[in-house]
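These notes are about the structure you will find just below.
Throughout, read-outs are computed from the coordinates displayed, never taken from laboratory work. A quick note: this is a predicted structure, and the numbers were derived from the prediction, not measured. All Cβ positions, glycine included, derive from the backbone under ideal geometry; neighbour counts span all protein chains shown.
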Amino acid sequence: MLIRVNGTELYYEARGCGPALLLLHGNGESHAIFDRLSAALEDSFTIYAVDSRGHGKSGRAVELHYTDMAEDCAELIEALGLDRPAVCGFSDGGITALLLGIRRPELPGSLIVCGANTSPAALKTPYLLLFKALHFFTRSPLLRLMLNEPDIRPEELGKIRAPVLVAAGERDMIRESDTRLIAAAIPGARLKIFKGENHSSYVVRSDKLAETIKEFCGGARRETGGF
């Protein structure tokens, strides 16, 4: 389905039954990366798998900024009438989820943030050099986004009020120090490092997150009285 929010059209697919759960993919991907995860969760959640602006079947974008993506997500939640949904974001989607929690703290009921970073400097050096080289030859706005953004400070993370789970792979391309900084800066946040996993292996076309999401969201509902 297509819905117009924040000056663009977002494509999303809804399936399942139960509390609302938004799934936000990473850079250069689409909602399709969550096919196995959605199948494992559809008995427990109503899943809204979204294509970010400039991705998949959503509207094109000349420039991409994480703040725009966060506002897209906020307006989508409002347009669909979702009451404090859980939001699970991977990589760029994780950054979007963090910014949603910072800028619109009243909207998410809980956040599951996988493989997010606070700045381009948090990328491990080989990946940062690779992305710089690829951007030099392609001038891709997707790569430009990763090389120039985000810029999230610890004091901003402290504004998040929803229960948060911060996750990463043991062999992630994001420095573990940055993952731990995010978790430490958010009041009450939980941290989970997936042993043996890289940046995407526990998320993309995988159901390895399913039980973690069920457990975390169940606990978040009990702590907050529902979301």
- Query: Which trypsin sites (Lys or Arg not before Pro) from segment 34-128 combine a DSSP loop assignment with at most 13 other Cβ atoms within 10 Å?
  - Reply: ARG60
- In vacuo Debye sum over C-alpha of segment 55-107, base-10 log of normalised intensity I(q)/I(0) at q = 0.32 Å⁻¹, listed in q order, is -1.38
- Task: Express the relative contact order of the chain as a whole percentage, based on alpha carbon pairs under 8 Å and six or more residues apart in sequence.
- Result: 20
- Rounded if a/c is under 1.5, else prolate if a/b beats b/c, else oblate: with a ≥ b ≥ c from the C-alpha gyration tensor eigenvalues square-rooted, which is segment 1-84? oblate
- Query: Scaled to the compact-protein estimate 2.2 N^0.38 Å, what is the alpha-carbon radius of gyration of the chain, rounded to two decimal places?
  - Reply: 0.93
- Task: For a footprinting-style exposure proxy, rank LEU111, LEU123 by other Cβ within 10 Å, fewest first.
- Result: LEU123, LEU111
- Taking a temperature of 20 °C and a viscosity of 1.002 mPa s, what whole-number D in µm²/s does Stokes-Einstein yield for segment 124-227 with Rh from Kirkwood over alpha carbon pairs? 136
- With each run of n ≥ 4 DSSP H residues scored as -39500 (n - 2.57), what mean residue ellipticity at 222 nm is computed for the chain after dividing by its residue count and rounding to the nearest 500 deg cm²/dmol? -11000 deg cm²/dmol
- Item | Candidate lysines for bridging to LYS208, where Cα separation is under 16 Å - those fewer than 8 sequence places away on the same chain excluded | LYS192, LYS195
